[in-house]
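The values are calculated or read from the model by the stated rules, or taken from the named source; none is laboratory data. None of the values given here were measured: they were computed from a predicted structure. Quick reminder, even Gly has a Cβ in these numbers, built from the backbone with ideal geometry, and neighbours come from all protein chains shown.
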């Protein structure tokens, strides 16, 4: 596996980049806006294609790099489903799985630091964001944080993982880089030996000042992807009613298989995850190259808007995208079915 830990000295933020091998697909966790060029350099040096960028939560101490990476690489962006963001490719819930070439990441909802916090588990490693630090944890006094929920996330989710699980935190302020679940259960002073009520009392009496860049970072991170769908020309957009009345068009579902298993898809749609779309367009045998009309759709509309932009860049002009995605389709009462793979 290719694994790289980056460190932002300004916010003491760790960013993680993972891939199976050189030349394969890659994902990145908690990218910092100012360090995007560093990530792109590493990707280029290892011939990696970034296909997924995830934040563990809406950050208050730095600007996220999700939006810039999405614009530059056409990657899918992900956050917890409770995140108060304008637009995101995929809203994650506990039990969801993110798959790239050779790697699968399991999503754990670990609220408490914020209500949208998630941790990510892959191959004996867990990326805990601000839910769990090395001998510490994130604060719980803003962004709908809740000390009781954080204790539950630690006790019922993170600390039920095998002791040997490698723990990679979202920040460190003491010069350390990695720990294990077993070590934290014993040595984390806020948790070890304390009851739930004692933990809550500790967290509610920290009396910390707000993060230095909170007034800038939080509004930016909630709105970093505004305007993506609005930038698409009207003639390239269809609504649910229009799509239901369209004849002889090829429907392309850009979501991942585990998403589709939960909600179903639109009748006669073929599954083509966004990360595979460029390869499909370049494959002259793929059905997408033999259709007079193509309509892309996804969960909410961001991935289909990205697909539309990418297809135009590749010279593919006969596509539209479904506003609001399958979420709008279901909300308006239209039926779903099992996918055509």
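Could you identify the single residue in 106, 115 that is in a loop (DSSP other than H, G, I, E, B) and within 27 Å of residue 301 (Cα to Cα)?
Checking each option against the conditions leaves just 115.
For segment 156-173, name all the residues that are in a loop (DSSP other than H, G, I, E, B), at pLDDT 95 or above and closer than 12 Å to residue 7 by Cβ.
170
Condition test on residue 58, is it assigned by TED's automatic domain parsing to the domain that holds residue 178, part of a loop (DSSP other than H, G, I, E, B) and either within 15 Å of the chain's Cα centre (by Cα) or buried (at least 24 other Cβ atoms within 10 Å of the Cβ) (or both)?
yes
Quick one: which helices (runs of 4 or more DSSP H) lie wholly within segment 224-307 and hold at least 2 residues that are more than 30 Å from residue 106 (Cβ to Cβ)?
240-245, 277-282
Is it the case that segment 79-89 has a residue that's modelled with pLDDT of 95 or more and closer than 30 Å to residue 314 by Cα?
yes
Exactly one of (1) in contact with a strand residue (DSSP E or B) (Cβ under 7 Å, 6 or more places away or on another chain); (2) closer than 20 Å to residue 103 by Cα; (3) crowded, with 18+ Cβ neighbours inside 10 Å is unmet by residue 13. Its number?
Going through (1) in contact with a strand residue (DSSP E or B) (Cβ under 7 Å, 6 or more places away or on another chain); (2) closer than 20 Å to residue 103 by Cα; (3) crowded, with 18+ Cβ neighbours inside 10 Å one by one, residue 13 breaks only (2).
Inspect segment 172-192 for any residue being touching a helix residue (DSSP H, G or I) at 6+ places or on another chain (Cβ under 7 Å) and within 30 Å of residue 257 (Cβ to Cβ) and give the result as yes or no.
Among the residues of segment 172-192, at least one is touching a helix residue (DSSP H, G or I) at 6+ places or on another chain (Cβ under 7 Å) and within 30 Å of residue 257 (Cβ to Cβ), which makes the answer yes.
Which residue pairs have Cβ atoms under 6 Å apart, sit 6 or more places apart or on different chains, and have a first residue in segment 138-161 that is surrounded by fewer than 23 Cβ atoms within 10 Å (Cβ to Cβ) and a second that is assigned to a loop (DSSP other than H, G, I, E, B) and at pLDDT below 90?
Correct list of pairs: 139/208.
Of everything in segment 309-328, what is modelled with pLDDT of 90 or more, in contact with a strand residue (DSSP E or B) (Cβ under 7 Å, 6 or more places away or on another chain) and assigned to a helix (DSSP H, G or I)? Give them in sequence order.
Those that are modelled with pLDDT of 90 or more, in contact with a strand residue (DSSP E or B) (Cβ under 7 Å, 6 or more places away or on another chain) and assigned to a helix (DSSP H, G or I): 325, 326.
Can you name the number of the only condition in (1) within 18 Å of residue 244 (Cβ to Cβ); (2) modelled with pLDDT under 90 that residue 292 fails?
With respect to (1) within 18 Å of residue 244 (Cβ to Cβ); (2) modelled with pLDDT under 90, residue 292 is out only on (1).
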